[in-house]
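**Q** Once you've had a glance at the structure underneath, I'll fire off some questions.
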Amino acid sequence: MLGVGSRIIHPEFGDGVIVRLHTAAYDVCFIQTGLKTIGKTYTGWEVIEAIPTEESVTFTEAEKSLAKILREWAGVSLEKVPLGDRWKNGIMILQPEDTSYQSKEVPIESFFHKIVMMRDRMRVLEQNINAHKKLDDEDKVNLQQYITRCYGSMTTFNILFRDKEDYFVGAGKD
């Protein structure tokens, strides 16, 4: 029997980690598809790392293990990027010039979350380009230049970040 924190590869759902035990099933968090419940009698997966069920694991320890595994396996960032204090609980208002159209209000936290997710996906793209076996160095440099320009285009949103180390940085800056 597998315990919480055990790492598996499922033929349909991919890489996952057991996050909860039930009498007859496991709750498994998969990188690509999220949380799934799998019966304990299922044998079609590959066990990468088995954690014995006798080991007591706190929720915090399991959360830390899952975050580490997600970072290692998928380049997924689970870092918490803080929103600038002055924007907390704020609303972004999009007001069209033509007053016959309604304005749109968006919670700033929702917009900020999308910006951070885009930044994380750009980082994963950058890692995949750098690790790509079929691209030569010239191709990698050319693609990197596009990513740098994208970061430069995103510097407008730096005002939302609390910490400067989280800012987007384009060409010409360290």
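The values are calculated or read from the model by the stated rules, or taken from the named source; none is laboratory data. Note that the coordinates shown come from a computational prediction; the quantities given were computed from them, not determined experimentally. Cβ: placed from backbone, ideal geometry, glycine included. Neighbour counts: every protein chain shown.
**Q** With the structure loaded, tell me whether Val47 is modelled with pLDDT of 90 or more and loosely packed, with under 15 Cβ neighbours inside 10 Å or whether it fails that test.
**A** Yes.
**Q** Which number in (1) touching a Ser or Thr at 6+ places or on another chain (Cβ under 7 Å); (2) under 16 Å from Asp85 (Cα atoms) marks the one condition that Asp163 misses?
**A** (1)
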